[in-house]
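The values are calculated or read from the model by the stated rules, or taken from the named source; none is laboratory data. Here the structure is a predicted model, which is why all the values come from computation and not from measurement. Don't worry about glycine lacking a Cβ; one is built from the backbone with ideal geometry, like all the others, and counts go over all protein chains shown. Please note that ligands, DNA and RNA were not included when accessible areas were found on the heavy atoms of the full protein model with its side chains. Shrake-Rupley method; radii C 1.70, N 1.55, O 1.52, S 1.80 Å.
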Amino acid sequence: MKQTQTIPETFLGVGYTRDRAGLPLEAVRVPVPRPAADQVLIRVAASSLNPLEYKLADLNFIGRTPPVVLGLDLAGVVVAAGQGVSGVALGDAVAAMADLNGDGGWVATGGSGGEGGYAVAREFLTVRKPPSLSFRDAAALPMCFLSAFASLYPAVQAGDTVYIPGGGGGVGHLAVQMAARALGAGLVISSGSTPQSIALARQSGAQHVFNYKRDDIAAEIAKLTSGRGVDLVFDATYSEQGFVETAKTNARR
Ligand SMILES: NC(=O)c1ccc[n+]([C@@H]2O[C@H](COP(=O)([O-])OP(=O)(O)OC[C@H]3O[C@@H](n4cnc5c(N)ncnc54)[C@H](OP(=O)(O)O)[C@@H]3O)[C@@H](O)[C@H]2O)c1
């Protein structure tokens, strides 16, 4: 293992200690993990709490062995690395996603926003953080970004008409940005119900944002596409009724 500095034996994280019904969360002292050959150890500057994590604390459906520290989405500085790591260097500022069946880096003491914890992440789930992005903003990205990325690349083709329900949600607003600004979609349509999420979907690049509680979205999309429907739908709302409605908007190419 390559390492830059003295690393403590343990840290006080935030997580759960029971298998199921792990809420409310508690402070739990855990060993600082050692990176395997394909992993880096990150001193956490900021971590975020993905909704998945408090669901895991309640249901533990991935079968993690408590105590578990939350904060899988994180950003910080690489302080140690396994022998097989070559794309990220010690001292690099990074954003990363820790393994779903392992520990995150949410620390109970120290600075605000998770600073001072330690977590391991695989090299392929670790990227160098652009200097223009704060640690705090970078820590909000990994899991939502990867979910949008894995779904849209390479499915969206330049010029496509794309419908992304819930474009003001965590995954949705990144999917809208990717489709509209990175993949060259010709038209991005979205939906939401609250003024905040509708505004965020618009700000993210959706040209039309409908209210799924009020509008007949399938009819609106039929009007916008001369009855053809959209080329691609990415529905990250996890609403069964929403899926039924969304299926009516697709052109089936
Ligand atoms: N967060 C992650 O990293 C991640 C990763 C993979 C999968 N997922 C899954 O993806 C889903 C969304 O997660 P999220 O974190 O992005 O949640 P979120 O931030 O709560 O976003 C959900 C969005 O969906 C909108 N919505 C709800 N019902 C809708 C409907 N019938 N039609 C159109 N829009 C609707 C909501 O809009 P309003 O609030 O305006 O009603 C909200 O903006 C969840 O099922 C989650 O399990 C999440």
Could you tell me whether the stretch 100-110 includes any residue that is of a type in the set (Val, Ile, Thr), in contact (Cβ under 8 Å) with a residue 40 or more places away in the chain, assigned to a loop (DSSP other than H, G, I, E, B) and touching a Gly at 6+ places or on another chain (Cβ under 8 Å)?
yes
In the stretch 1-13, anything assigned to a strand (DSSP E or B) and open to solvent by 60 Å² or more (accessible area, probe 1.4 Å) is listed as Lys2, Gln3
Selection within the stretch 56-71 - buried (at least 18 other Cβ atoms within 10 Å of the Cβ) and outside any loop (DSSP other than H, G, I, E, B)
Leu56, Ala57, Val68, Val69
Can you tell me which of (1) on the phi < 0 side of the Ramachandran plot; (2) away from the ligand (no atom under 16 Å from the Cβ) is the one Ser204 doesn't meet?
(2)
Any strands (runs of 3 or more DSSP E) falling wholly within the stretch 153-253 and containing at least 2 residues that are free of Cβ contacts under 8 Å to residues at least 24 places away in the same chain and out of contact with any Cys (no Cβ under 8 Å at 6 or more places or on another chain):
208-211
Residues in the stretch 72-86: is at least one over 21 Å from the mean Cα position of the chain (by Cα), surrounded by 13 or more Cβ atoms within 10 Å (Cβ to Cβ) and part of a loop (DSSP other than H, G, I, E, B)?
yes
Go through (1) surrounded by 14 or more Cβ atoms within 10 Å (Cβ to Cβ); (2) over 30 Å from Leu49 (Cβ atoms); (3) at pLDDT 95 or above one by one and return the number of the condition Ala219 breaks.
(1)
Among the residues that make up the stretch 29-40, is at least one of them at pLDDT below 95 and small (Gly, Ala, Ser)?
no
Can you name the residue in the stretch 14-55 that is in a strand (DSSP E or B) and hydroxyl-bearing (Ser, Thr, Tyr) and, of all such residues, is farthest from Arg128 (Cα to Cα)?
Tyr16
Residues (farther than 20 Å from Tyr54 by Cβ and modelled with pLDDT under 95) located in the stretch 88-119:
Thr109, Gly110, Gly111, Glu115, Gly116
